[in-house]
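Here the structure is laid out as structure tokens; the discussion comes afterwards.
The values are calculated or read from the model by the stated rules, or taken from the named source; none is laboratory data. Computed from a predicted model, the values in this text were never measured in an experiment. So basically every Cβ, Gly included, is an ideal-geometry build from the backbone, and we count neighbours across all protein chains shown.
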Amino acid sequence: MKILAVEFSSGQRSAAVLEEGGAAAAPTLLGSARTTEGRGNLELVERALAEANCRREEIGAVAVGLGPGSYTGIRGAIALAQGWQLGRGVKTLGLSSVECLAAQAREAGLRGAAAIVIDAQRNEFYLARYQIDEAGWREEEGLRLAAFSEIQALAAAGGRLLGPDIGRWFPGAKNVNPEAAMLGRLAGGRRDFVPGEKLEPIYLREAAFKKAPAPRIIP
């Protein structure tokens with residue numbers, strides 16, 4: 001089965017096409033493309049398909065990075081997956097962009113404790129801690145919101161920080177964007193597909209909406 005993976009949760013957006021191998025084999029990367037935030041999402045996908053020499057109807061599943069991160073970007077990726085499912089009947093799957101970053105850190109050779117940090121706006125950050133070794137990665141502390149001062153203290157204590165564009169706040173941190181190619185590899189072999197309408201961004205704050213006042217009646 002061919003998988004289209006889309007990862008739009010950071011300032012660097014990417015799409016990739018992969019093909020599943022055997023039971024124990026990792027999916028093979030056929031083609032990928034990257035762009036910066038604000039550029040055309042559909043054009044990005046078309047570039048990945050063209051590099052993979054893959055037609056739209058060959059895609060059997062769409063894997064989406066659910067963040068946390070850019071709410072607009074993640075919503076755009078989800079809408080793309082939902083549209084593909086409606087138009088082509090493909091399977092859809094959502095994955096954590098934080099897990100994607102942990103997998104990339106391991107592949108890049110990082111070993112030991114690592115803190116994944118993602119801008120959450122409002123002077124807060126998403127924080128998750130992982131332990132990475134030769135066998136893989138495991139979550140030491142689940143994803144939560146943390147104040148700027150807490151991340152600053154963690155960096156001052158020598159903690160290894162990584163995440164999208166995180167070096168702008170914390171010198172010495174490693175800037176890493178979640179990649180669609182890794183997302184597709186994580187999706188390989190998984191069968192916990194969900195209907196497109198069940199895909200939801202990973203967002204730790206409660207949604208708060210202010211109801212508009214009743215319209216004035218002008219006599």
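The figures follow:
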quantity	calculated
Odd one out for Ser10 among (1) part of a loop (DSSP other than H, G, I, E, B); (2) surrounded by fewer than 18 Cβ atoms within 10 Å (Cβ to Cβ); (3) at pLDDT 90 or above	(2)
Residues of region 100-118 classified as under 17 Å from Glu179 (Cα atoms) and of a type in the set (D, E, K, R), total	2
Residues of region 47-79 classified as over 17 Å from Leu186 (Cα atoms) and over 10 Å from the mean Cα position of the chain (by Cα), total	18
Some residue of region 188-197 being within 30 Å of Gly60 (Cα to Cα) and without any contact (Cβ under 8 Å) to a residue 24 or more places away in the chain	yes
Residues being outside any helix (DSSP H, G or I) and either free of Cβ contacts under 8 Å to residues at least 40 places away in the same chain or of a type in the set (Val, Ile, Thr) (or both) - total across region 72-102	3
Which numbered condition Lys91 fails, given (1) surrounded by fewer than 18 Cβ atoms within 10 Å (Cβ to Cβ); (2) at pLDDT 95 or above	(1)
Members of region 33-87 found to be modelled with pLDDT of 95 or more, polar (S, T, N, Q) and surrounded by 13 or more Cβ atoms within 10 Å (Cβ to Cβ), listed by number	Gln82, Gln85
